[in-house]
Amino acid sequence: MIIDMKKKREMKKIIDTLKAIKGRHTELVSVYVPADYNLIKIIGHLAEEQGTAGNIKDKRTRQNVIDSLERIIRHLRLFKKTPINGLAIFAGNISDNESQINIQVYSVEPPSPLNIRMYRCDQIFVTDVLEEMLQDKMTYGLIVIDRRDGTLGLLNGKSITELASFSSNVPGKTTKGGQSQTRYARLRDEAAHNFFKKVGEAANDVFSQIAELKGILVGGPGNTKDDFVNGDYLQTRVKEKIVGMKDLSYTEHFGLVELVDKSQDIFAQEGLVDEKKIMEKFFNALSAKGGNKAIYKEDEVRKALDMGAVDTLLLSEDLEDAKIEELEQKAELIGAEVKIISLDTNEGQQLKFFGGVAAILRFNI
């Protein structure tokens, strides 16, 4: 599941607001409506719960729950049918003053289909279902190997994590001739076999335990990776997960980065490549001769927005929400595209270094 950065930020903001609210008793109501579920049934169920809430002993809690359910029912009646991915609704008294009541309703249309139906009263809103949806499920296993080094890693969303590294005892090539050379080659092959076996066992152990593993990428120089994959080193269920093999110039952590960079055909539809491409376009425009089609620094970008010169506005996710929202509104007024760039890539870190605000222009200024 891939959520664009703008929607992810907006949803996280709502979740943070909900998590900051604490009820005095079990008076905060959370309702999850599954995708394709009949809203009339949900409304009927909540109306029944209003009657049940009349049995709550504490007068204040009882009234807050009944009022919250009534607000949710009214909100649900605004919909002709359940939104395509379902709906999460939260209502409760958010007042910090015990002498005042302030019942508020929060509604979230999730980014992927809800498969859970829930009604719960508690001292906190139940947000863990939505929080899990914010987690990027695109997870790939990474194997970089040659006869000297082996490295296992994970690509989770746009973040590369090194899991384990190995060094071999495979001797270097010899120039000796005759039987010595033959025997030496046999020793090298045996040492390589043992090394591949060691790396394979570790890969089998790690990758077979990851339920959300979308695929495995293997990289290495020349035929080494082919020998490793085609040999009897990986379990069938792990080998079946291999979705790509790439020739590499590097090993260890640099090899993991190179493997991901060379696998853009596999990630073509994912946010990782989209971010890298738009940032590459920015840097190319910034360095182009005979024109000034890219700028950075907040003041300069604001001037360009006021002139209607911005084609694509680039904002770091590290910026304050208020500033992002303000600049987004300026961009929308002139029909400019807005890209929220994460910090998980080198390009994202470079944008942060530039102040977190940059733009690709429609025309030179």
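Read-outs throughout are calculated quantities, based only on the coordinates presented, and are distinct from any laboratory measurement. Computed from a predicted model, the values in this text were never measured in an experiment. No Cβ is skipped: glycine too gets one built from the backbone with ideal geometry, and neighbour counts run over all protein chains shown.
Under a 5 Å amide H cut-off, with hydrogens placed 1.01 Å from N, G23 pairs with I124 among residues at least 5 apart or on other chains.
Relative to the Cα centre, the charge distribution of the range 30-144, modelled as +1 at Lys and Arg Cβ and -1 at Asp and Glu Cβ, gives a dipole magnitude of about 480 debye.
Going from the residue with the fewest nearby Cβ atoms within 10 Å to the one with the most, R302, R120 rank R120, R302.
Peptides 96-107, 201-212, 313-324, 250-261 ordered by packing proxy, namely the average of other Cβ atoms within 10 Å per residue, highest first: 250-261, 313-324, 201-212, 96-107.
For the chain, what is the relative contact order in percent, using Cα pairs closer than 8 Å and at least 6 residues apart in sequence?
Working: 614 pairs, mean separation 51.3, N = 365.
The value is 14 percent.
Going through the cross-link list K246/K352; K158/K225; K7/K276; K158/K276, which pairs have a Cα-Cα distance over 22 Å in this structure? Listed pairs above 22 Å: K246/K352; K158/K225.
Values of log10 I(q)/I(0) for the range 139-261 across q = 0.17 Å⁻¹ run -0.79, by the Debye formula with one identical scatterer at each alpha carbon and no solvent. Under a no-solvent Debye model with one identical scatterer per Cα of the range 1-103, what's log10 I(q)/I(0) at q = 0.12, 0.17, 0.20 Å⁻¹? Reported log10 I(q)/I(0), two decimals: -0.47, -0.88, -1.10. Fraction of C-alpha pairs exceeding 19 angstrom in the range 55-117: 42 percent, rounded to a whole number. A cut-off of 5 Å between modelled amide H atoms, ignoring neighbours fewer than 5 places along the same chain, links V338 with L313. Taking the range 271-361, how much of its Cα-Cα pair set, in percent, is spaced more than 17 angstrom apart? In whole percent, the share of Cα-Cα pairs in the range 271-361 beyond 17 Å is 42. With viscosity 1.002 mPa s and temperature 20 °C, the Kirkwood radius over alpha carbon pairs of the chain converts through Stokes-Einstein to a diffusion coefficient of 86 µm²/s.
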